[in-house]
Amino acid sequence: MKKTVLMMVALAFVVYGFAQEAKPEAKANGPVLTFEKNTHDFGDIYQNDKVEHIFKFTNTGNEPLLISNVYGTCGCTAPEWPRQPIHPGAKGEIKVRFDSTGKMGRQNKTVTVISNASNDDATISFVTNILSKTPQH
């Protein structure tokens with residue numbers, strides 16, 4: 001008899017647990033910086049070439065996103081970013097220019113994005129392989 005009662009109580013807890021309505025995932029409070037792609041490969045380029053790439057992003061949060069600074073790991077990388085607030089659901093772009101002057105071989109550069117995003121500071125990066133400048137190029 002005790003076993004039957006215990007089994008019924010245990011079964012009741014299991015059924016009650018499954019009957020609870022699933023709670024919706026909590027949406028992040030504040031701005032959220034979400035990049036379409038946070039890496040780019042320029043492939044092979046030549047010494048002294050200047051290349052650029054646009055990193056596209058969306059504010060997937062529920063408050064305006066403010067980007068206060070964007071900086072690279074060296075002076076060879078020059079970023080441009082929007083200075084105005086990016087409203088929830090709005091898209092933006094960060095343009096990164098790379099100057100290969102004085103560089104050779106494989107390069108992996110990181111750019112840090114400082115903002116008020118609730119998902120902390122972000123990083124975007126690119127790689128390239130710099131070939132020796134040939135006389136005909």
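The values are calculated or read from the model by the stated rules, or taken from the named source; none is laboratory data. The model shown is predicted, which means the values in this text are computed figures rather than measured ones. With ideal geometry, Cβ positions are generated from the backbone for all residues, glycine too; neighbour counts draw on all protein chains shown.
When region 32-53 is examined, which residues are found to be under 13 Å from the mean Cα position of the chain (by Cα) and either farther than 14 Å from THR110 by Cβ or not β-branched (Val, Ile, Thr) (or both)? Spell out how you get there, then give the answer.
Taking region 32-53 first, the residues under 13 Å from the mean Cα position of the chain (by Cα) are 32-40.
VAL32, LEU33, THR34, PHE35, GLU36, LYS37, ASN38, HIS40, listed by residue number.
For region 10-32, does any single residue satisfy the condition of being part of a strand (DSSP E or B) and modelled with pLDDT of 95 or more?
no
Which pairs turn up if I take residues in region 32-59 that are loosely packed, with under 15 Cβ neighbours inside 10 Å and look for partners that are in a loop (DSSP other than H, G, I, E, B) and of a type outside the set (S, T, N, Q) with beta carbon separation below 6 Å, at least 6 apart in sequence or on another chain?
TYR46/LYS133; TYR46/HIS137; ASN48/LYS133; LYS56/GLU36
Yes or no, residue by residue, for (1) in a strand (DSSP E or B); (2) surrounded by fewer than 18 Cβ atoms within 10 Å (Cβ to Cβ); (3) in contact with a strand residue (DSSP E or B) (Cβ under 9 Å, 6 or more places away or on another chain):
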| site | (1), (2), (3) |
| --- | --- |
| PRO88 | no, yes, yes |
| VAL96 | yes, no, yes |
| GLY102 | no, yes, no |
| THR110 | yes, yes, yes |
| ILE114 | yes, yes, yes |
| ALA117 | no, no, yes |
| ILE124 | yes, no, yes |
| THR128 | yes, no, yes |
